[in-house]
Amino acid sequence: MASSDFSLPDVGEGLTEAEIVAWKVKPGDTVEMNQILVEIETAKSLVELPSPFAGTVTALLVEEGQTVEVGTAIISVSSEGGVPTTPAEEATQVADAAASVTAPEEKSGAVLVGYGIAGHGVSRRRGANAAPAANPGAPAAKPRPASVPAAAASAIIAKPPIRKLAKDLGVELADVLATGLAGEITRDDVVRQASQASVFRNIQTPEWGTEREERIPVKGVRKAIASAMVQSAFTAPHVSVFVDIDATRTMEFVKRLKNSTDFAGVRVSPLLIIAKAVIWAVRRNPTVNSTWTEKEIIVRHYVNLGIAAATPRGLIVPNVKDAQELSLLDLAKSLEQLTITARDGRTQPSEMAGGTVTITNIGSYGMDTGTPIINPGEAAIVALGSIRQKPWVVDGQVLPRYVTTVGASFDHRIVDGDVASRFVADLASVLEEPALLLD
Amino acid sequence: MSYTAATVQLLTTEGTLVTSDATAEYLPYIEKLSDDQLRDFHRQMVVIRRFDLDAANLQRQGQLAMWIPSLGQEAAQVGSGFAAKPQDHIFPSYREHVIARIRGVDLMRIIEMLRGLSHGGWDPKEHNNFHLYTLVLGSQTLHATGYAMGVQLDGATATGNPDTDEAVIVYFGDGSTSQGDVSESLVFAASYQTPQVFFLQNNQWAISVPVARQSRTPLYLRPGGFGIPGVQIDGNDVLASYAVTTANLDTARSGGGPGFIEALTYRMGAHTTSDDPTKYRDAVELEFWTKADPITRYEKFLRSRGEGDAFFADVEAEASDLTADIRRRTLALGGVPVSDMFDNVYSEPHPLMDAERTWLENYEASFEGGPA
């Protein structure tokens with residue numbers, strides 16, 4: 001009884017790898033010629049592979065969720081006494097390109113035709129004089145996050161490369177806010193969703209690695225993120241401005257609010273004042289509250305106020321919808337609720353989608369200031385530094401005052417220095433004199 | 001996406017003949033067909049569908065670089081393919097597998113081409129004037145028009161002898177109509193009144209672009225602007241395809257000038273094995289065209305004429321034999337020696353080719369274990 005392996009073919013034109021999405025058979029199953037064995041996903045599409053053999057499945061060689069290169073044996077089938085339908089040696093010429101990328105454990109002459117894989121093969125072959133230590137070994141199968149089920153994906157409009165990107169970045173397409181034509185999910189949408197979940201992460205200090213150096217291949221997810229980030233960095237030219245502020249009156253105002261009966265039981269902090277200040281300053285400088293598209297600038301006449309929030313899973317940016325409609329009390333309640341929800345890890349994707357401008361409260365980490373990175377899809381982000389007593393010159397005298405630094409970054413495609421400065425100056429004036437909010 | 005009042009249909013989806021003023025012109029062509037000819041229509045459609053499905057499987061099994069399915073378009077192709085006379089020249093697109101078969105091209109030539117072993121090299125002269133597949137969209141319409149002008153210059157048409165007068169038929173799709181080539185051919189065909197039929201298989205999709213995006217006008221009306229009469233047919237009706245093509249070819253052959261046929265059909269599968277139609281098409285459309293399937297209705301028609309199970313079983317057996325044979329021969333195919341890429345660049349030995357061949361051999365030999 002002969003056993004034959006079926007190697008992953010290039011089902012598109014020039015594809016080099018595919019993910020095993022779902023096996024339709026299991027070891028011991030009897031399969032017929034052309035019976036569907038497995039569903040795979042390539043950069044282009046979901047594809048079902050029909051069996052080239054009739055026989056009994058002896059082993060599934062690749063697990064679901066793994067991505068393997070074209071030419072990797074994925075299933076073994078033993079034929080039932082008959083002539084193996086695997087082609088014989090006469091096919092090896094064509095198999096050359098594929099065989100050279102096939103893992104060493106490959107058992108039978110895989111016949112694969114296709115494009116573009118020979119280059120990989122050549123690069124993987126060792127030169128005759130190379131030391132054994134240089135052997136890169138078998139290409140390792142890369143584990144991937146759980147895939148989007150094929151059925152669920154059908155209702156979502158996204159091109160296959162975008163679907164692949166989403167999968168690589170661990171983004172559920174169902175969670176992504178689509179900004180494309182007719183509700184299509186664009187690359188930016190996916191990147192934004194991914195970056196909102198993973199701009200920063202809480203860090204624990206691990207032990208030193210046992211090796212002196214570690215080489216992490218730049219490929220797969222890492223490569224996709226890197227290229228997305230580089231693209232992002234080159235897409236939105238950041239300009240940042242900073243200003244030191246005497247926030248003493250803000251601190252007094254916060255103290256009075258804490259003591260007022262209206263705000264009893266509600267958490268009040270300087271963040272509330274800066275939040276209200278941002279909304280006010282946006283109204284006076286609307287272009288900072290906008291989105292750049294290649295064709296137009298979309299200026300939002302509402303504020304979905306994003307708050308960068310530290311969570312056990314990393315930093316996320318949920319936003320308060322239509323914050324411009326809220327009273328100071330309601331805004332305080334909303335901010336508190338948002339923070340609690342985020343800290344508990346219960347923030348829903350919809351709460352992170354659609355932000356128009358963002359505040360990051362790096363002061364809560366004791367930092368004076370920093371250059372914040374704009375939340376993709378927005379044009380401005382404000383960083384509130386720590387508020388501490390420092391020496392400050394008032395009327396020619398050095399006095400202890402509550403001093404802070406407000407920094408902000410802007411997308412220079414939309415916001416020029418004058419508007420950026422006016423916006424930050426407006427924030428500064430509110431922190432210096434919260435009574436301006438009565439405007 | 002569906003049929004219009006202008007669509008010529010001779011056979012309903014229920015398999016009954018349409019007798020009306022609109023069909024009176026074409027029905028006589030059907031009445032002249034023998035029972036064997038009528039049976040052959042079915043035989044070709046069924047066999048090619050099975051071949052087509054198995055070729056797609058072979059691609060998924062790593063045997064072919066790609067496959068270009070003809071699933072669903074069998075009637076448009078079989079009917080028009082049989083309408084061409086032996087002396088006529090056929091310029092296919094790249095999906096007309098059954099016409100290749102009808103004209104005597106071994107289907108392995110197509111398999112080999114899509115495996116990457118050949119450029120499709122069959123000699124049209126030795127294959128009943130079935131010209132090469134053209135993968136560049138629409139180019140073949142220029143080839144065909146040029147050839148038809150040559151036929152005129154040779155005096156090989158419009159002599160009044162329908163058994164020797166030549167005509168040309170060219171196949172293209174709705175996507176190609178957006179190519180300049182097609183419009184240019186229409187200009188020349190009209191100017192020189194070439195003996196030519198433009199056969200458009202409107203399968204509704206240019207890969208992922210629907211035909212409605214490409215043309216605000218029904219495509220059979222477009223040639224009117226060039227001075228070429230156009231007619232729209234139900235492309236899933238093999239009898240309409242045969243009769244209307246025959247009528248157009250007869251006109252072309254007798255010096256009546258070019259004609260244009262838009263066959264409404266549907267690409268039931270992918271554009272090629274490289275794309276995934278579920279990403280851009282909806283199920284409603286597929287359901288409509290499934291009901292309009294060309295083979296189902298034609299089988300009803302034949303059965304209503306008294307054709308028995310034995311015939312249909314025979315056709316199935318032929319289809320099984322053919323696909324088994326194709327699979328066996330495909331699995332036995334080798335590859336192309338690498339040296340081939342140098343051998344056919346120049347007709348004579350060439351020092352540069354020799355140098356490059358030697359370089360590659362040395363490079364391959366430099367790897368551990370020798371040439372792969």
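Assorted remarks:
- Conditions (1) free of Cβ contacts under 8 Å to residues at least 60 places away in the same chain; (2) open to solvent by 70 Å² or more (accessible area, probe 1.4 Å); number of the one not met by A:Arg422: (1)
- Within the stretch B:73-108, the set of residues being among the β-branched types (Val, Ile, Thr), over 15 Å from B:Asp123 (Cβ atoms) and open to solvent by less than 10 Å² (accessible area, probe 1.4 Å) comprises B:Val78, B:Val98, B:Ile99.
- Just so you know, in the stretch A:30-51 the residues that are among the β-branched types (Val, Ile, Thr) and at the interface with chain B (Cβ under 10 Å from one of its Cβ atoms) include one that is surrounded by the fewest Cβ atoms within 10 Å (Cβ to Cβ), and it is A:Ile36.
- Members of the stretch B:229-284 found to be within 14 Å of another protein chain (Cβ to nearest Cβ) and of a type in the set (Ser, Thr, Tyr), listed by number: B:Thr272, B:Thr273, B:Ser274, B:Thr278, B:Tyr280
- Taken over the stretch B:230-253, the criterion of being open to solvent by 10 Å² or more (accessible area, probe 1.4 Å) and of a type in the set (Gly, Ala, Ser) is satisfied by B:Gly230, B:Ala247.
- Residue count, the stretch B:55-89 (criterion: aromatic (Phe, Trp, Tyr) and within 14 Å of chain A (Cβ to nearest Cβ)): 1
- Candidates A:Lys167, A:Lys159 - the one that is within 19 Å of the chain's Cα centre (by Cα), over 26 Å from A:Arg346 (Cβ atoms) and at pLDDT 70 or above: A:Lys159
- Residue match in the stretch A:8-23 (condition: within 10 Å of chain B (Cβ to nearest Cβ), touching an Asp or Glu at 6+ places or on another chain (Cβ under 6 Å) and open to solvent by 10 Å² or more (accessible area, probe 1.4 Å)): no
- Residue among A:Asp395, A:Asp368 that alone is of a type in the set (D, E, K, R) and either open to solvent by less than 30 Å² (accessible area, probe 1.4 Å) or farther than 21 Å from A:Pro270 by Cα (or both): A:Asp395
- Checked against the criterion of being open to solvent by 70 Å² or more (accessible area, probe 1.4 Å), in contact with a Pro (Cβ under 9 Å, 6 or more places away or on another chain) and either at pLDDT 95 or above or part of a strand (DSSP E or B) (or both), the stretch B:254-271 has at least one qualifying residue.
- Filter result (under 29 Å from the mean Cα position of the chain (by Cα) and not small (Gly, Ala, Ser)) within the stretch B:327-343: B:Arg327, B:Arg328, B:Arg329, B:Thr330, B:Leu331, B:Leu333, B:Val336
- Any pair with Cβ under 6 angstrom, 6 or more apart, that starts in the stretch A:1-22 at a residue that is over 15 Å from A:Val68 (Cβ atoms) and ends at one that is part of a strand (DSSP E or B): A:Met1/A:Ser78; A:Ser3/A:Thr58; A:Ser3/A:Ser76; A:Ser3/A:Ser78; A:Ser4/A:Val77
Yes/no matrix, rows are residues, columns are (1) within 11 Å of another protein chain (Cβ to nearest Cβ); (2) out of contact with any Pro (no Cβ under 9 Å at 6 or more places or on another chain); (3) more than 29 Å from A:Pro52 (Cβ to Cβ):
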site: B:Arg328; (1), (2), (3): yes, yes, no
site: B:Ala332; (1), (2), (3): yes, no, no
site: B:Gly335; (1), (2), (3): yes, yes, no
site: B:Asn344; (1), (2), (3): no, yes, yes
site: B:Pro349; (1), (2), (3): no, yes, yes
site: B:Leu352; (1), (2), (3): no, yes, yes
site: B:Ala355; (1), (2), (3): no, yes, yes
site: B:Trp359; (1), (2), (3): no, yes, yes
site: B:Ala365; (1), (2), (3): yes, no, yes
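- Residues that are open to solvent by less than 40 Å² (accessible area, probe 1.4 Å) and either without any contact (Cβ under 8 Å) to a residue 24 or more places away in the chain or within 13 Å of A:Gln196 (Cβ to Cβ) (or both) within the stretch A:168-177 comprise A:Leu169, A:Val171, A:Val176, listed in sequence order.
- Single residue of the stretch B:295-345 satisfying the filter (within 17 Å of B:Val78 (Cβ to Cβ) and hydroxyl-bearing (Ser, Thr, Tyr)) that is least open to solvent (accessible area, probe 1.4 Å): B:Tyr298
- Scanning the stretch B:90-119 for residues that are over 13 Å from the mean Cα position of the chain (by Cα) and under 26 Å from B:Ala252 (Cβ atoms) yields one hit, B:Gly104.
- Some residue of the stretch B:109-120 being crowded, with 22+ Cβ neighbours inside 10 Å, over 29 Å from B:Val209 (Cα atoms) and touching a Lys or Arg at 6+ places or on another chain (Cβ under 9 Å): no
- Within the option set B:Asp234, B:Asp174, being of a type in the set (D, E, K, R), over 22 Å from B:His143 (Cβ atoms) and at pLDDT 95 or above holds for one residue only, B:Asp234.
- Whichever residue in the stretch B:278-294 is of a type in the set (A, V, I, L, M) and modelled with pLDDT of 85 or more and, among such residues, is least open to solvent (accessible area, probe 1.4 Å): B:Ala292
The values are calculated or read from the model by the stated rules, or taken from the named source; none is laboratory data. Keep in mind that this is a model prediction, so the values were computed, not measured. Counting neighbours? That spans all protein chains shown, and the Cβs are built from the backbone with ideal geometry, glycine included. These accessible areas exclude ligands, DNA and RNA; they are computed on the full protein's heavy atoms, side chains included. Shrake-Rupley method; radii C 1.70, N 1.55, O 1.52, S 1.80 Å.
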